[in-house]
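Below is one structure, written out as structure tokens; the observations come after it.
The values are calculated or read from the model by the stated rules, or taken from the named source; none is laboratory data. These numbers were taken from a predicted model, which means no experiment stands behind them. Only protein heavy atoms, including side chains, enter the accessible area calculation; ligands, DNA and RNA are left aside. Shrake-Rupley method; radii C 1.70, N 1.55, O 1.52, S 1.80 Å.
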Amino acid sequence: MLDWNTLLAPYKQAVDEMKIKLKGIREQYQLSSQHTPIEFVTGRVKPVSSILQKSKRKNIPLNELEEKMQDLAGVRVMCQFVGDIDTVVELVRARTDFEIVEERDYIKHKKNSGYRSYHFVLKYPVQMIEGGEKRILVELQIRTLAMNFWATIEHSLQYKYAGKIPAEVEQRLQRAAEAAFRLDEEMSQIRGEVQEAQQILSKKRDSVR
Ligand code: 0O2
């Protein structure tokens, strides 16, 4: 029998550490009164039921999970603008506290479902009490708020229809993906205006404190 708690403990540690580091980047931007490319950060360790489902679907033996299931630890960064994703990608590439194993650009190459996001697979070192470090895989997804909205809805529909979304709903999802894409484009066009407004608001908040 697999001891899930022991197996997943370093993954939880990695998710917690990555969240703190990414939130730290956000705070550094805020302190220097610059537009932050990171709106918010979430993370999770894949629930055991999802691990079992995915291992069945992808034919991954349970004793090979750690090498073959790249998203046991998942961290997600949400950005306001598509351009912010490029900034976060560069920040990630410049880090020295983990190694990049793979990059998947589902923004330039969106998936057939309509899914868009930028994915990194990282090798992240977790310090162990026995001494030394365990280097585990972490999937980092970077997306705009609009991409996240679409992916969250689509994910719940996939769940509802057990992966077999009816054609009509699928068509609507495709149209919604296009609408999310256009929203991102429109927002990028008025990015300067939006940022100015946000700066005025944050100065106003500071003067009230
Ligand atoms: P969760 O935790 O429920 O989100 P595959 O799993 O076969 O699609 P692969 O090779 O494991 O693909 O890696 P990929 O596609 O780079 O990353 C998988 C994760 O990306 C998924 O995790 C989703 O979080 C997200 N994702 C990829 N494609 C889609 C999509 O079409 N729609 C949505 N909503 N999300 C997508 P899981 O396994 O679904 O787990």
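Observations on the model:
- Between amide H atoms placed 1.01 Å from N, distances below 5 Å from Glu39 occur with Met78, Cys79, Gln80, all of them 5 or more places distant or on a separate chain.
- Applied to segment 77-85, the Karplus parametrisation 6.51 cos²θ - 1.76 cosθ + 1.60 on θ = phi - 60° returns per-residue 3J(HN,Hα) values of 10, 9, 10, 6, 10, 4, x, 5, 4 Hz, with x for Gly and Pro.
- Two-decimal log10 I(q)/I(0) for segment 33-80, as the Debye equation yields it once each C-alpha is a single scatterer, q = 0.14, 0.25 Å⁻¹: -0.47, -0.88
- Residues whose amide H lies under 5 Å from that of Ile136, counting only those 5 or more places away or on a different chain, are Tyr124, Val126; hydrogens are built 1.01 Å from N in the peptide plane.
- For segment 33-44, the Karplus equation 6.51 cos²θ - 1.76 cosθ + 1.60, evaluated at θ = phi - 60°, returns couplings of 6, 9, 4, 8, x, 10, 7, 7, 10, 10, x, 7 Hz by residue, with Gly and Pro reported as x.
- Every helix of 4 or more DSSP H residues in the chain counts as -39500 (n - 2.57), and over all residues that averages to -17500 deg cm²/dmol at 222 nm.
- When each of Lys46/Lys108; Lys58/Lys123; Lys23/Lys56 is checked by Cα-Cα distance, pairs over 25 Å: Lys46/Lys108; Lys23/Lys56
- Computed in the context of the full set of protein chains, the accessible area of segment 1-117 at 1.4 Å probe radius has 50% of its extent on carbon or sulfur.
- Per-residue HN-Hα couplings for segment 118-132 [Karplus 6.51, -1.76, 1.60; θ = phi - 60°; Hz; x = Gly/Pro]: 10, 10, 10, 10, 10, 9, 10, x, 10, 6, 10, 5, 6, x, x
- The Cα atoms of the chain give a gyration tensor whose axes a ≥ b ≥ c have a/c of 1.5 or more with a/b no greater than b/c, which makes the shape oblate.
- Shape call, segment 30-136: gyration tensor on alpha carbons, a/c limit 1.5: oblate
- Once the convex hull of all Cα atoms in segment 126-179 is built, its volume per residue stands at 121 Å³.
- Taking amide hydrogens as placed 1.01 Å from N in the peptide plane, the amide H of Ser117 sits under 5 Å from those of Tyr106, Ile107, each at least 5 positions away in sequence or on another chain.
- A probe of 1.4 angstrom, applied to the heavy atoms of all protein chains, finds Arg135 with accessible area near 110 square angstrom.
- Summarising the strand pairing of the chain, around 75 percent of its internal DSSP beta bridges are antiparallel.
- Remark: segment 42-185 carries 57 Å² of accessible area per residue (probe radius 1.4 Å; ligands, DNA and RNA excluded).
- Between segment 39-64 and segment 137-159, the Cα center-to-center distance that results, in Å: 15
- Based on Cα contacts under 8 Å between residues 6+ apart, the chain shows a relative contact order of 19 percent.
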